[in-house]
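Supplied in structure tokens, the structure appears directly below.
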Amino acid sequence: MPAKAIYPTMLHQDPRYFRRANGIAFSRMGSAVGQIFWTHTDSGRMRFNFSEILGNSTGVAISNAYYPDNRNASDAATKLGIQIGVDMTANTLKEFSPELNRLFSRKRRSKVRGGH
């Protein structure tokens, strides 16, 4: 939660995801992944996404406080890497969601119409 509210406000960074919506799939995926590390500031400039990384790190710290058996640097780094990977996947799904929606809705419509 801190990545989505507190840190962006404190650091004047925009937590929203901005779709490219055009270009080749590889460049769009690169843009989706890159937004984990680079974001817009309130002034419109690009800057390292401190709020994302600090927010995920805070989440890992809270998790470590809740699960005392896994309180070492290696486990924390693994959890942080997984969280960043999840966020990259979420950004990729946001980028390609219109295409995925069209693809799956076509399949659903053809089944409703009697297709196989």
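The values are calculated or read from the model by the stated rules, or taken from the named source; none is laboratory data. Just so it is clear, the structure is predicted and the values come from calculations on it, not from any experiment. Ideal geometry is used to build each Cβ from the backbone, glycine not excepted, and the neighbour counts take in all protein chains shown.
Go through region 12-44 and count every residue that is in a strand (DSSP E or B) and not hydrophobic (A, V, I, L, M, F, W, C).
Here is the first cut: in region 12-44, the ones in a strand (DSSP E or B) are 13, 38-41.
Adding the requirement that they be not hydrophobic (A, V, I, L, M, F, W, C) leaves 13, 39-41.
So the count comes out to 4.
Within the bounds of region 88-103, is there any residue that is modelled with pLDDT under 90, over 19 Å from the mean Cα position of the chain (by Cα) and not small (G, A, S)?
Checked against the condition, which is being modelled with pLDDT under 90, over 19 Å from the mean Cα position of the chain (by Cα) and not small (G, A, S), region 88-103 yields at least one hit.
Follow-up. Quick one: which residue in N64, N22, N49 is on the phi < 0 side of the Ramachandran plot and modelled with pLDDT of 95 or more? Show your work before the answer.
Numbers: N64 fails: modelled with pLDDT of 95 or more; N22 fails: modelled with pLDDT of 95 or more.
Answer to the selection: N49.
Another one. With respect to T78, determine if the residue is surrounded by 12 or more Cβ atoms within 10 Å (Cβ to Cβ), touching a strand residue (DSSP E or B) at 6+ places or on another chain (Cβ under 6 Å) and either outside any helix (DSSP H, G or I) or without any contact (Cβ under 8 Å) to a residue 24 or more places away in the chain (or both).
no
Here is a further query. Restricting region 1-56 to residues that are closer than 27 Å to A77 by Cβ and basic (K, R), which is farthest from the chain's Cα centre (by Cα)?
Among those that are closer than 27 Å to A77 by Cβ and basic (K, R), it is R47.
Then there's this: Would you confirm whether or not region 51-64 contains a residue that is free of Cβ contacts under 8 Å to residues at least 60 places away in the same chain and more than 22 Å from T9 (Cα to Cα)? Don't jump to the end; show me each part of the working.
Residues of region 51-64 that are free of Cβ contacts under 8 Å to residues at least 60 places away in the same chain, as a first pass: 51-64.
Adding the requirement that they be more than 22 Å from T9 (Cα to Cα) leaves 63-64.
Yes, that holds for at least one residue.
In region 1-38, which residue that is under 22 Å from I62 (Cβ atoms) and among the polar types (S, T, N, Q) is surrounded by the fewest Cβ atoms within 10 Å (Cβ to Cβ)?
Checking each candidate, the answer is T9.
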